[in-house]
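S.K.: One structure, as structure tokens, below. Some questions next.
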2 protein chains.
Amino acid sequence: MFAIAPAIGKANLSASQLKLLSGKARWIFRVGDAGFPTVPTIVLTRAAWDELQAERSRKELRLRTHWVACLFKLVGKDGVPPPLVVRTSAALHNGGLMPAKLGISAPANPEDSVDPNRPLAKAIKNAFDSYGFGQGWTGRPDEDRGKQIVLVQAQAEGEIEQFLTRNGTTGVMGPAAMGSSPLPALPESIAALVTLVDGKAGQHMACSVAVRRGQVQFLSARPFQASPAAELEAAVDRVNRKVWSAHNAVTRVDPARLAQLLHPRLKSSDGNVPIATGLGVSPGAASGVIVFNPEDAARLRARGKNCILVVNETGPADMEGMKAATGILTARGGMSSHAGVIARITGKPCVAGVRTLSVDSAEMICRIGTREFRSGDRLTIDGTDGRVYAGTLALAQPHIGGAIGTLLGWSDATRKIAVRTNAETVESANTALSFGAEGIGLARSEHMFFSPERMVALRRMILSEDEDDRSRAVDGLVDFQTGDYSALFSAMKGLPVTVRLFDPPLHEFLPRTEEDIEETAASLGLAVRALRQRLDRIAEVNPMLGHRGVRLAITYPEILSMQMQAIMAGVRAASERQAEPVAVEVMVPFVSTASEVAFVRERMNTIAANSGLLRSEKVKMAFGTMIELPRACLRAGDIANMVDFFSFGTNDLTQTTFGISRDDAPTFLAAYQRKGIYERDPFVTIDEKGVGELISIAIQRGRAANPRLKIGICGEHAGDPTSLKFFSGLGVDYVSCSPYRVPVARLTLAQASA
Amino acid sequence: MFAIAPAIGKANLSASQLKLLSGKARWIFRVGDAGFPTVPTIVLTRAAWDELQAERSRKELRLRTHWVACLFKLVGKDGVPPPLVVRTSAALHNGGLMPAKLGISAPANPEDSVDPNRPLAKAIKNAFDSYGFGQGWTGRPDEDRGKQIVLVQAQAEGEIEQFLTRNGTTGVMGPAAMGSSPLPALPESIAALVTLVDGKAGQHMACSVAVRRGQVQFLSARPFQASPAAELEAAVDRVNRKVWSAHNAVTRVDPARLAQLLHPRLKSSDGNVPIATGLGVSPGAASGVIVFNPEDAARLRARGKNCILVVNETGPADMEGMKAATGILTARGGMSSHAGVIARITGKPCVAGVRTLSVDSAEMICRIGTREFRSGDRLTIDGTDGRVYAGTLALAQPHIGGAIGTLLGWSDATRKIAVRTNAETVESANTALSFGAEGIGLARSEHMFFSPERMVALRRMILSEDEDDRSRAVDGLVDFQTGDYSALFSAMKGLPVTVRLFDPPLHEFLPRTEEDIEETAASLGLAVRALRQRLDRIAEVNPMLGHRGVRLAITYPEILSMQMQAIMAGVRAASERQAEPVAVEVMVPFVSTASEVAFVRERMNTIAANSGLLRSEKVKMAFGTMIELPRACLRAGDIANMVDFFSFGTNDLTQTTFGISRDDAPTFLAAYQRKGIYERDPFVTIDEKGVGELISIAIQRGRAANPRLKIGICGEHAGDPTSLKFFSGLGVDYVSCSPYRVPVARLTLAQASA
């Protein structure tokens, strides 16, 4: 199958010939077909060329006659023929392919036009040969051999000019300048070409034209990688111009590109050499002066200055400092370190686990590799890729403008799965609402204690010696929680709020440094030695797999009662002051057996019933479990009978299914990806074949036992487009992600349902 | 349905009547039926008694006629009737039931015999009523009401004597004394009764007889709990006497009781009050003087004295002390702590994690609760239940006599699943061989480094800064390993040896105490500060889920090469000096993806092939994986294509499936069992519904992909009878347990296949 077709005037290609066209050839025909002048071109397929050569050895002339006729059309029958150009047709990748060969003399006779020793046929042969070893097309030479194309063109006369169909940064309709050179002067007729190419391509294109005496001749067009903001604006603009339907726009914007719009980022990393690389644990970039303690951070913030808090690791005492800082940089810890968790919640960029960093906070000095930095020196960090730069680099601020809102509005028309957010403060709840969150899918109640005065109360509870002692400590916590819950319920104005019961490894909330231990002992009225003994007793070898989640509720039922009472008091307070109902969903974490759920449910039901609130029409309550352990997935049928909903905690489920601690994985994960053991980091994109099968088993068994079971996803995978597409196929009812990921989830799930 | 039957002479009961008999009633009929004189007895069922009372109110006499005739037989028609006895018939539990009522006058007329106001009928009524609220039978009153029986007997004349059918400690055929009182003088005819009851009961029985003028009258028999050794000897003796077939003996001995024979144990714990309770992490009891350091332990051992090593926790530096000590007691750690692992390997009793214990080894003082102990004071520990006693308690030494050997020999006739052992030293291999192990199913190669001089070499490797550095350190380890492997292969004389590749969380092998860090720094030629920095870098938050297993082999391929070279050198050395072939199976731990297996297999195959040994008829090699992560179970089909065998590591699989660190579980596991959340400790008995399903999925998918796949179990569950029965149903080919558990596995698996 082959096609030799002239690009002079309308081509009248057959459907099978059109199918063969790709890359530059396709654009020349598209533009020519639309009636715009293009450079005269012959499209020569590999099959056609092979057949021309075969005829030549068989002394036949059937195809050659057509070929020569085409050449005549190109060069004209009279006068001096123009020089010819031979080029490959690859649209994007032309590494290894023959560069365009210019200035070839027209063949003197038909035999010359197919003789590989003569200039034209030689150039054609070289062009085809170059496909053999280059990464032309998809790099699969056998499959694509039939699609290889060489173009023979009349060399254009006049100036060759390049321009973009749209502005690469703003997305405004072009012609627009490409790179740093100014936009060349172009005739008015160019506007029609720009509209034509933009409409057909549906993406930014870089075009070449020849301009001679105010006449434009189209040469070629190839895709151009614009900024995420420009792509988004262009998509919305195409809908406004009725080139696209709203549905087209929703399906064609890449959610991963959208995500890049939602945090400050480096304007460009070209030419900047990072001085260190750690783990990017909270995305976005930040620049500022170095501070080593919360006081300095607060002082700078008060003066409106940006600062980067640099510490070995963060703990509860650093909360205020982290809130005041623009970004956080730590020497130790990973994704689920205190620094990582708090940074993501507060939306601060954070780079953690920089192994070449050491901090001497007393001396106010830190070393990064061989360089020394002092308080006041400037750093830039990129929490997206974990890089650290000396000095201040230019940042681009997130642009949550009209285009995002418009696109997401359209996306809601096809989306079938609800998008909630992970939030436990009114601030993050409001951010998420502004991004379109439809509820809170995960309020981590233990995070409500991340402030110094509350931490004292919490520590008193954890370190209590017996049940009485603990009950007294617990009572002191009810008030804090009640206020937090009622504020959160009110902020969500009737949308559902899922509260996860207390789930920390207890010792995460305990003092670690000498100084912190001394202070805590004083605040609790304990001798330092006695405190140390209690701390030793609580220390765990593998806290991820320790005394946490539902295990706390069962061994310390007084904590469970306190929480449930605080939740009910919060429901009461909110429902008394607002018109909307309060929809609260209480969720038990880290269960592995149905008996655990039964134990907790009985106690919770009693407290909920005793509150008298269940009879109110303004209160909706539901009870559910996190499903985040392999055993819970397998026993989902038993568990589903006792709950209204499942919410999959995919972070912990990935950790236990793979047997990998996310905090400790960095020591081997890079090597694993480099050696091809993992295609993707399973903590970023859900492992469909392992973790995914467990989720699928759990949904199937859970729904079989309880057809009204509601199913959500609340791990960090709920903000990853690839994972979201997988979840969508499993039939989940909602996902819950961090506030800044809500737009990504809305768009991805709209695409998945489209 | 009811039965009234006299026990005078042959009873000629119908089959349905016989079915009703249980407890004492059954024994009276059995003995009477065999022609031995028994006390005259009427067996009155609840149904019969209810019908007699119903007839009485209806003024009928059908059943009463039979009842009166029975009574006549009992008391005789002439002379003074003997006093009567009314008792319940419960064989074992009679808590709450009416005590035997003696000296009841025979009723004066038929109406008296059924009138609940008259002595006989009143006693009968009371006896039946007592079943109503007591724990008679199984404690399920409705179901068992039909089986309630009251006995009416002529009161025996003469002395009432009690004796056992067999010696309670040795199992030798009786009559034997019961308790501490001497055996009463009994007529010769008693031997026939003993033989009769032992043969019919198939267990130790306590009998009551009346002896009058050399004549014996049988009163009752009930089961007696003998020592495990006595039960075993009796079982073998019954086969020798042809009362039982060998098959009977195999199926009737309880493997859990057999296990108790295989370690020293407390002779009796009656009256001893433990001063503390920790975790029994290595079974058996030990008594001795307290020592706080290895030197003192070695000194005492040299003098032939028993000692208990008491420390906060053990580490590699304590190896010699642990070997020298009789038992080990630690304040910290759990089942998989260094102390627990080493103690089980070396067969030393160990109690770990005693939270009320604190040790000041410098001052040579420890406190247990409020008591203070010094070097030289005596303690007794019981590693089976975790109890600690002050002073020296009497111990019973394990008796691995002829009877065990005979029984296990018989058991091998029905057993279909092979029993291997977990061992990495020639000593434990020999112990296991003496217990009948058929190979080594798990040689933990990292345990070969548990000695001070090797530890230095290992630490050098772990702490090396780069690949070159590490390669040099690794080379120094080849020789150690080669010798170890060849010795182990030789000890096993052609039986298969499964070597697990290096699998520690690296930092388990690193120094922890100040002193140890200083020593290590010196031995490695490093500054203490530099060593500390490297240690910080290696430290893990959750080492169980960290940089271990196959992850080490992939990130540090030079460790893998070293090990494989050492294994091949060991194979060469062993095969050159022995006639038997060397059968080595190399096993990759902690895999979660098939790509990990492929990576390791390629490197191992190359080294094995290069050794030239694969062509030898004296060398058999196999390659397999541990399956110990949920993901490996799910992806078993992919993995099975690349291996010869799977070996399930049920300890880690239980940890990850439940999300429970075994080391940290003690803080909630007791509460979980007390509150009924777990019926059983999942680390002792396999969780069939969760972990079991994963194993079953893996076997099914693995065999579907590779029908020749061999399947083993090498977690500690392989020594637990209940778990072994479950594994047997899954169709595994072999199990591998600690040497002392080999007999338990042999017996259990014989029963499971019977």
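The values are calculated or read from the model by the stated rules, or taken from the named source; none is laboratory data. Everything numeric in this text was worked out from a predicted model, so none of it was measured. Heads up, the Cβs are rebuilt from the backbone with ideal geometry, glycines too, and the neighbour counts pull from every protein chain shown. For the accessible areas, the whole protein counts, side chains as well, though only heavy atoms, and no ligand, DNA or RNA atoms are used. Shrake-Rupley method; radii C 1.70, N 1.55, O 1.52, S 1.80 Å.
Residue-by-condition table, conditions (1) modelled with pLDDT under 85; (2) under 28 Å from A:Glu453 (Cβ atoms); (3) open to solvent by 70 Å² or more (accessible area, probe 1.4 Å); (4) not in a strand (DSSP E or B):
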residue: A:Glu295; (1), (2), (3), (4): yes, yes, yes, yes
residue: A:Arg344; (1), (2), (3), (4): yes, yes, no, yes
residue: A:Val351; (1), (2), (3), (4): no, no, no, no
residue: A:Val359; (1), (2), (3), (4): no, yes, no, no
residue: A:Arg367; (1), (2), (3), (4): no, no, yes, no
residue: A:Phe373; (1), (2), (3), (4): no, no, no, no
residue: A:Ile381; (1), (2), (3), (4): no, no, no, no
residue: A:Thr392; (1), (2), (3), (4): no, no, yes, yes
residue: A:His399; (1), (2), (3), (4): yes, no, yes, yes
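S.K.: Also, I was wondering about something else. Any residue that is in a helix (DSSP H, G or I), basic (Lys, Arg), open to solvent by 40 Å² or more (accessible area, probe 1.4 Å) and within 12 Å of chain B (Cβ to nearest Cβ) - is there at least one of those in segment A:656-678?
M.R.: Yes: segment A:656-678 contains one or more residues that are in a helix (DSSP H, G or I), basic (Lys, Arg), open to solvent by 40 Å² or more (accessible area, probe 1.4 Å) and within 12 Å of chain B (Cβ to nearest Cβ).
S.K.: Right, here's the next one. Go through A:Val250, A:Val236 for me and flag whichever is more than 15 Å from the chain's Cα centre (by Cα) and farther than 18 Å from A:Thr170 by Cβ.
M.R.: A:Val250
S.K.: In addition: Would you tally the residues in segment A:578-597 being more than 14 Å from chain B (Cβ to nearest Cβ) and open to solvent by 20 Å² or more (accessible area, probe 1.4 Å)?
M.R.: The total comes to 4.
S.K.: Are any residues in segment A:544-553 touching a helix residue (DSSP H, G or I) at 6+ places or on another chain (Cβ under 6 Å) and at the interface with chain B (Cβ under 7 Å from one of its Cβ atoms), and if so, which ones?
M.R.: A:His547, A:Arg551
S.K.: Inspect all residues belonging to segment A:701-719 and state whether any of them is within 14 Å of chain B (Cβ to nearest Cβ) and surrounded by fewer than 24 Cβ atoms within 10 Å (Cβ to Cβ).
M.R.: Yes, some residue in segment A:701-719 is within 14 Å of chain B (Cβ to nearest Cβ) and surrounded by fewer than 24 Cβ atoms within 10 Å (Cβ to Cβ).
S.K.: Would a scan of segment B:605-626 turn up a residue that is within 14 Å of chain A (Cβ to nearest Cβ) and surrounded by fewer than 24 Cβ atoms within 10 Å (Cβ to Cβ)?
M.R.: The answer is no; no qualifying residue exists.
S.K.: Kindly list, by first and then second residue, each pair from a residue in segment B:720-748 that is in a loop (DSSP other than H, G, I, E, B) to a residue that is at pLDDT 95 or above and open to solvent by 20 Å² or more (accessible area, probe 1.4 Å), limited to pairs with Cβ atoms under 6 Å and residues at least 6 apart or on different chains.
M.R.: Here the result reads B:Leu730/B:Ser696; B:Asp733/B:Lys710, each pair linking segment B:720-748 to a residue that is at pLDDT 95 or above and open to solvent by 20 Å² or more (accessible area, probe 1.4 Å).
S.K.: Those residues that are out of contact with any Ser or Thr (no Cβ under 9 Å at 6 or more places or on another chain) and surrounded by 14 or more Cβ atoms within 10 Å (Cβ to Cβ), I need them from segment B:509-518; list them, please.
M.R.: Those that are out of contact with any Ser or Thr (no Cβ under 9 Å at 6 or more places or on another chain) and surrounded by 14 or more Cβ atoms within 10 Å (Cβ to Cβ): B:Phe509, B:Arg512, B:Asp516, B:Ile517.
S.K.: Among A:Met461, A:Met492, which is the only one that is in contact (Cβ under 8 Å) with a residue 60 or more places away in the chain and over 32 Å from the mean Cα position of the chain (by Cα)?
M.R.: A:Met461
S.K.: Sticking with this structure for a sec: Please determine, by comparing only the residues of segment A:176-190 that are without any contact (Cβ under 8 Å) to a residue 24 or more places away in the chain and under 21 Å from A:Val243 (Cβ atoms), which one is surrounded by the fewest Cβ atoms within 10 Å (Cβ to Cβ).
M.R.: A:Glu188
S.K.: Cβ-Cβ under 6 Å, sequence separation 6+ or interchain: first residue in segment B:5-28 and over 17 Å from B:Leu196 (Cβ atoms), partner at pLDDT below 60. Which pairs?
M.R.: B:Ala5/B:Ala11; B:Leu13/B:Ala5; B:Gln17/B:Ala3; B:Leu20/B:Ala3
S.K.: Search segment A:599-637 for residues being in a strand (DSSP E or B) and among the hydrophobic types (A, V, I, L, M, F, W, C), and hand back the single one that is nearest to A:Val571 (Cα to Cα).
M.R.: The extreme case among them is A:Val619.
S.K.: Quick check, is A:Glu688 facing another protein chain (nearest Cβ under 10 Å) and either open to solvent by less than 10 Å² (accessible area, probe 1.4 Å) or under 21 Å from the mean Cα position of the chain (by Cα) (or both)?
M.R.: Criteria not met by A:Glu688.
S.K.: With a cut-off of at least 1 residues that are in contact with a helix residue (DSSP H, G or I) (Cβ under 7 Å, 6 or more places away or on another chain), modelled with pLDDT under 90 and open to solvent by 10 Å² or more (accessible area, probe 1.4 Å), name the helices (runs of 4 or more DSSP H) lying wholly within segment A:215-280.
M.R.: Correct list: A:228-240, A:255-259.
S.K.: Can you find a residue in segment A:483-491 that is within 14 Å of chain B (Cβ to nearest Cβ) and surrounded by fewer than 16 Cβ atoms within 10 Å (Cβ to Cβ)?
M.R.: The answer is no; no qualifying residue exists.
S.K.: Examine segment A:559-577 for a residue that is within 14 Å of another protein chain (Cβ to nearest Cβ), charged (D, E, K, R) and open to solvent by 10 Å² or more (accessible area, probe 1.4 Å), and state whether such a residue exists.
M.R.: no
S.K.: When you go through (1) at pLDDT 85 or above; (2) within 16 Å of A:Asp112 (Cα to Cα) one by one for A:Val75, which number turns out not to apply?
M.R.: Only one criterion is unmet by A:Val75, namely (1).
S.K.: What tally of residues in segment A:388-419 results from selecting those that are under 21 Å from A:Leu261 (Cβ atoms) and of a type in the set (Lys, Arg)?
M.R.: Residues in segment A:388-419 being under 21 Å from A:Leu261 (Cβ atoms) and of a type in the set (Lys, Arg): 1 in total.
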